[in-house]
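Heads up, the thing below is written out as structure tokens.
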Amino acid sequence: MKSAVYPGSFDPITNGHISIIRRGLEIFDEVIVAVARNSEKKSLFTIPERLDMISEALSDTKGVRVDTFQGLLVDYVVEQKTNAILRGLRALSDFDYEFQLALMNRKLSRKVQTIFLMTDYKWLYVSSTIIKEAASLGGDINGLVPPIARERLAEKFPLLKARLTAGKNGH
């Protein structure tokens, strides 16, 4: 069985992430969605909340395993008995940063390979950061995140909750 590690903060998971995971499963038998434990990064959701959202959003998708890791990604990849890192690219700006990471990972472990998948065009502008900003201001994020992520964002952001509640009441 060939597997790949898809690392990230997933704060929250977006439909762009889900697209990369599902497309990764067309290449690999298993995709390990690995939530990074990064104490320096200010997250909206706790690790357990993110694991729960990812698991629920992908509950109908075979071949996905959800996990967390801390420390060097290449060490985690080797611990998982694979040699592949799966990464999504949206724009040229992503490529520059991702290319640097891939080269550093390659320096740290020559056995670990990074595989890049281009995002589907409809997710080109979607990032967890932009989603959180729009949600915090009550923006319509329907269709950009899985329903569980939209619900959890509404719990954190009163303006989004008000929008969703008004929508259910037909206003």
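The values are calculated or read from the model by the stated rules, or taken from the named source; none is laboratory data. Computed from a predicted structure; not experimentally measured. Because the Cβ atoms are built from the backbone with ideal geometry, glycine has one as well, and the counts that use them run over all protein chains shown.
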Per the filter on the stretch 18-43, residues more than 21 Å from V112 (Cβ to Cβ), modelled with pLDDT of 95 or more and surrounded by 18 or more Cβ atoms within 10 Å (Cβ to Cβ) are I18
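If a residue must be in a strand (DSSP E or B) and over 14 Å from L73 (Cβ atoms), how many such residues does the stretch 3-46 contain?
The initial filter retains those residues of the stretch 3-46 that are in a strand (DSSP E or B), namely 3-8, 30-36.
Applying the additional criterion that residues be over 14 Å from L73 (Cβ atoms) yields 3, 30-31.
Here the count works out to 3.
Taking the options L86, L101, L160, L164, name whichever one is assigned to a helix (DSSP H, G or I) and under 19 Å from the mean Cα position of the chain (by Cα). Spell out the reasoning first.
Values: L86 fails: assigned to a helix (DSSP H, G or I); L160 fails: under 19 Å from the mean Cα position of the chain (by Cα); L164 fails: under 19 Å from the mean Cα position of the chain (by Cα).
Result of the check over L86, L101, L160, L164: L101.
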Which condition number does E49 fail, the rest of (1) of a type outside the set (G, A, S); (2) assigned to a loop (DSSP other than H, G, I, E, B); (3) surrounded by 14 or more Cβ atoms within 10 Å (Cβ to Cβ); (4) out of contact with any strand residue (DSSP E or B) (no Cβ under 7 Å at 6 or more places or on another chain) being met?
(2)
With the requirement that a residue be without any contact (Cβ under 8 Å) to a residue 40 or more places away in the chain and either surrounded by 16 or more Cβ atoms within 10 Å (Cβ to Cβ) or on the phi > 0 side of the Ramachandran plot (or both), what does the stretch 52-77 give you?
G63, V66, G71, V74
Taking the stretch 80-110 and keeping only residues that are at pLDDT 90 or above and surrounded by fewer than 12 Cβ atoms within 10 Å (Cβ to Cβ), one is left with K81, Q100, L103, K107, R110
Selection status of K122, without any contact (Cβ under 8 Å) to a residue 24 or more places away in the chain and surrounded by 15 or more Cβ atoms within 10 Å (Cβ to Cβ)
no
